[in-house]
Amino acid sequence: MLGLMTRLILFSLGAMLVYAQERPVVLKTSTLFDGRGKTLKNTIIVVEGSKIARLGGPAPANAITYDLTAFTVSPGWIDTHAHVAVHFDNTARLAGDAEPQPQALLHIAENLVRTLNAGFTTVQSPGAMVDKDLREAAARGVLPGPRVLTSLEALTETSGGPEKMREIIRERKRQGADFIKIFASKSIREGGAQTLSDAQLQAACGEAKALGLRTIVHAHSAESAKAATLAGCTSIEHGAYITDDVFNLMAEHGTYYDPNVGLVLQNYLENKPKFFGIGNYNEEGFAFMEKGVAIVLDTFKKSLKHQNLKIIYGTDATAGAHGQNYRDFIVRVRDGGQDPMQALISVTSLSAESIRMGDQIGSIAPGMQADIVAFDGNPLQDVNAASRAVFVMKGGKVYENLGHGAKYRH
């Protein structure tokens, strides 16, 4: 039944077709970014099974060939912070617990298809138990979508004291979480003040580290980001009010920074009627978000001055934003002044490193997973080309936009 539902979703969206390849695949390229800062010209990528076999050399005689020379090719893009299960329901409102499960699953499947179709082959989804099922369905190939990593449910100030937090993290490990998500501050709508004690953060990040789990921390204020950094947490999310001294501290500790500057607040404002009146989505909150667009961009510009700071790529995509994950790239380069190649490295190899998958994804090299995307245009010369993914391969399977495939497959 799921296979039929998936086919209906794909064809109703007009989004893509999936080809499971048994023969070798050759991708002919004219401009190829390897994800680590190098640009290769006029080379081929040979894919065998799910991995890249080699770059260059003679093409296998029985290979299926895709001519991508009219496009710009890069590793599949990675979103380290996207809430793939959050969606609008059939009434065009933020979905809640009362939504019938079949409707919810169809909307979530649509989120995954749109995200993959945009060229994002891996996403890290913090905060929902259903993400585990999505992760496994995508891994089996029964549900087209990006590779999914999940924290399952997040920890907050209501989770309990230090010992209780350690207990919950051990439970998340048993439940199959890939990492731990921690809320250490209020939202930007509420000013972002620290909500967890230093002791709670030290307990949570320390326990996670002992279990081999990464920790990503929602921390808007400089104080909460500093506390999370000193606690040994892996990544700081959002960080709207981080100061230069805290950025220096993060750089010294190797703490990743995930700024989310181009999509999340903009999406809330663009879809205000669909969120308004639910929880703290009120006039005060939206007024704060309007101011927040400039605040987070200014903080991002500040972060770029810290050369050793590891700035990764997450969007905080929520309902209405899935499939538009590329917008952060556009804003970072066009409005934030980030070097285009550094932005590309951020969305590929650096983000792969941050999720401990740098030896598998995020770059185009022999032995890596064949996660490859082609754009109509060059995103390093025209940032809007980031919105025009026309060819997507994940793990050696080709996902083609309908209407484009016939132009380059032979």
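The values are calculated or read from the model by the stated rules, or taken from the named source; none is laboratory data. No experiment lies behind these values; they were computed from the predicted model shown. Cβ: placed from backbone, ideal geometry, glycine included. Neighbour counts: every protein chain shown. Accessible surface areas use protein heavy atoms only, side chains included; no ligands, DNA or RNA. Shrake-Rupley method; radii C 1.70, N 1.55, O 1.52, S 1.80 Å.
How large are Rg and Dmax for segment 80-184 when only the alpha carbon atoms are used, in Å?
According to the Cα coordinates of segment 80-184, Rg and Dmax are 14.6, 43 Å.
Where nothing but the Cβ of Lys and Arg (+1) and of Asp and Glu (-1) is charged, how large is the charge dipole of segment 324-366 around its Cα centre, in debye to the nearest 20?
120 debye
Could I have the simple spin-label model distance between MET341 and THR158, label points 7 Å from Cα toward Cβ, reported in nm to one decimal?
Going by the 7 Å Cα→Cβ label model, 4.9 nm.
Between segment 203-251 and segment 341-392, how far is it from one alpha carbon centroid to the other, in angstrom?
26 Å
So the label point goes 7 Å from the Cα of THR91 along Cα→C-beta, right? Which residues of segment 279-295 then have their backbone N under 16 Å from it?
279
Can you tell me the length gained on complete extension of the stretch ALA70 to GLU190, counting 0.36 nm per residue apart and subtracting the Cα distance?
Taking 0.36 nm per residue and subtracting the Cα distance, the gain is 38.5 nm.
Quick check for you: which residues of segment 334-349 have the amide N under 18 Å from the point 7 Å beyond the Cα of ASP382 toward its beta carbon?
Only 334-335, 340-341 pass the distance filter.
Could you tell me what fraction of 2.2 N^0.38 Å the Cα radius of gyration of segment 122-244 comes to, as a two-decimal ratio? Don't jump to the answer; show the numbers that get you there.
Working: Rg = 14.6 Å, N = 123, 2.2 N^0.38 = 13.7 Å.
After normalising by residue count via 2.2 N^0.38 Å, the value is 1.07.
Which of the pairs LYS173/LYS394; LYS274/LYS310; LYS209/LYS310; LYS164/LYS291; LYS181/LYS301 have their Cα atoms more than 29 Å apart in this structure?
Values: LYS173/LYS394 27 Å; LYS274/LYS310 35 Å; LYS209/LYS310 19 Å; LYS164/LYS291 37 Å; LYS181/LYS301 25 Å.
Exceeds cut-off: LYS274/LYS310; LYS164/LYS291.
What nm value, rounded to one decimal, do you get for the distance between GLU270 and GLU22 when each label is placed 7 Å out toward the C-beta?
Distance between label points: 4.3 nm.
Taking amide H atoms as placed 1.01 Å from N in the peptide plane, list the residues 5 or more away in sequence, or in a different chain, whose amide H sits under 5 Å from that of THR65.
Result for THR65 returns VAL26, HIS410.
Determine the calculated [θ] at 222 nm for the chain from helices alone, applying -39500 (n - 2.57) to every DSSP H run no shorter than 4 residues and normalising by the residue count; nearest 500 deg cm²/dmol. Walk me through the numbers before you get to the answer.
Numbers: 14 runs with 139 residues, N = 410.
My calculation for the chain gives -10000 deg cm²/dmol from helical runs alone.
Could you state how much accessible area MET165 has, in square angstrom rounded to the nearest 10, with a 1.4 Å probe and all protein chains kept in place?
The accessible area comes out at roughly 0 Å².
In Å, what Kirkwood hydrodynamic radius results for segment 255-337 from the alpha-carbon pair distances?
Answer for segment 255-337: a Kirkwood hydrodynamic radius of 13.5 Å.
Run the numbers for ALA199 and GLU136: contour at 0.36 nm per residue of separation, minus the present Cα-Cα distance, in nm.
Extending this stretch completely gives an extra 19.2 nm.
If you restrict to DSSP beta bridges whose two residues both lie in segment 31-187, what percentage is antiparallel, to the nearest 5?
45 percent
Counting only Cα, what are the radius of gyration and maximum Cα-Cα distance Dmax of the chain, in Å?
20.7, 64
Just to be sure I understand the model, the point goes 7 Å from the Cα along the line to the Cβ. What's the resulting ALA61 to THR243 distance in nm?
7.0 nm
Give the residue from ALA82, LEU344, HIS253 lying farthest towards the positive end of the charge dipole for the chain; charges sit on Cβ (+1 for Lys and Arg, -1 for Asp and Glu) and the dipole is referred to the Cα centre.
Among ALA82, LEU344, HIS253, the one farthest towards the positive end of the dipole of the chain is LEU344.
Whole-Hz ³J(HN,Hα) for each residue in segment 48-64, computed from phi via Karplus 6.51 cos²θ - 1.76 cosθ + 1.60 with θ = phi - 60°, x for glycine and proline: what do you get?
Listing the rounded values in order: 10, x, 9, 10, 7, 7, 6, 10, x, x, x, 6, x, 4, 9, 6, 7 Hz.
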